[in-house]
Amino acid sequence: MENENSAIYQEVQALLGDLPQHRTQLLPLLWRVAEHQGRISRQAMEAIAVVLNVPVADVFGVASFYTLFEDVGENVPVYICTDVMCALAGAEQLKETAEHSAVNRPVAVKESACLGQCDHAPAAWIKGKVFKRATAEEIEAAIKEVRHE
Ligand code: FES
């Protein structure tokens, strides 16, 4: 269990920034940590629980509900929206390209529910960047830029 002396606690506390130190900030803080770290690790969830003074189970429950917060270990998650509008716009081919590009790279290709970009389908999300009307070429290029951090 993380405590107030751990590096991840200090990092999460800094990411809380101007937000109130209250359980209502759980989702915004999860977003900030995900954007900063590219994922939500178990240690980060424990630190968030300490920072917001909520049970770890609550943090895990919220984080596990949203695909974008899924912990993929040391890999960088690449989310391809496969919801209806993106499916109609070629999401399956985009996902296959992503999976092919991810071979031997520290990348985990995941399906995602709607990314809120239906009018720009197909959409993808890589390291906090949303790709609108994503093409196979730009997803391949983005994956090839991924390095271990
Ligand atoms: S269905 Fe893909 S962004 Fe909405």
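Take the residues of region 129-149 that are part of a loop (DSSP other than H, G, I, E, B) and not basic (Lys, Arg): which is most open to solvent (accessible area, probe 1.4 Å)?
Among residues in region 129-149 that are part of a loop (DSSP other than H, G, I, E, B) and not basic (Lys, Arg), the one most open to solvent (accessible area, probe 1.4 Å) is Glu149.
(1) within 21 Å of Glu140 (Cα to Cα); (2) modelled with pLDDT of 95 or more; (3) more than 16 Å from the ligand (Cβ to nearest atom): which one isn't true of Arg105, the others all being true?
Against the list (1) within 21 Å of Glu140 (Cα to Cα); (2) modelled with pLDDT of 95 or more; (3) more than 16 Å from the ligand (Cβ to nearest atom), Arg105 comes up short only on (2).
Of all residues being part of a helix (DSSP H, G or I) and among the acidic types (Asp, Glu) in region 81-102, which is nearest to Ala141 (Cα to Cα)? Just the residue, please.
Glu99
What number of residues within region 117-128 are within 6 Å of the ligand (Cβ to nearest atom) and open to solvent by 50 Å² or more (accessible area, probe 1.4 Å)?
1
Can you work out which of the residues in region 3-23 that are under 17 Å from Ile40 (Cα atoms) and among the aliphatic types (A, V, I, L, M) is surrounded by the most Cβ atoms within 10 Å (Cβ to Cβ)?
Selected residue: Val12.
The values are calculated or read from the model by the stated rules, or taken from the named source; none is laboratory data. Values in this document were obtained by computation on a predicted structure and should not be read as measured data. Cβ sites come from the backbone with ideal geometry, for glycine too, and all protein chains shown count toward neighbours. Side chains are part of the model used for accessible areas, which takes the heavy atoms of the whole protein and leaves out ligands, DNA and RNA. Shrake-Rupley method; radii C 1.70, N 1.55, O 1.52, S 1.80 Å.
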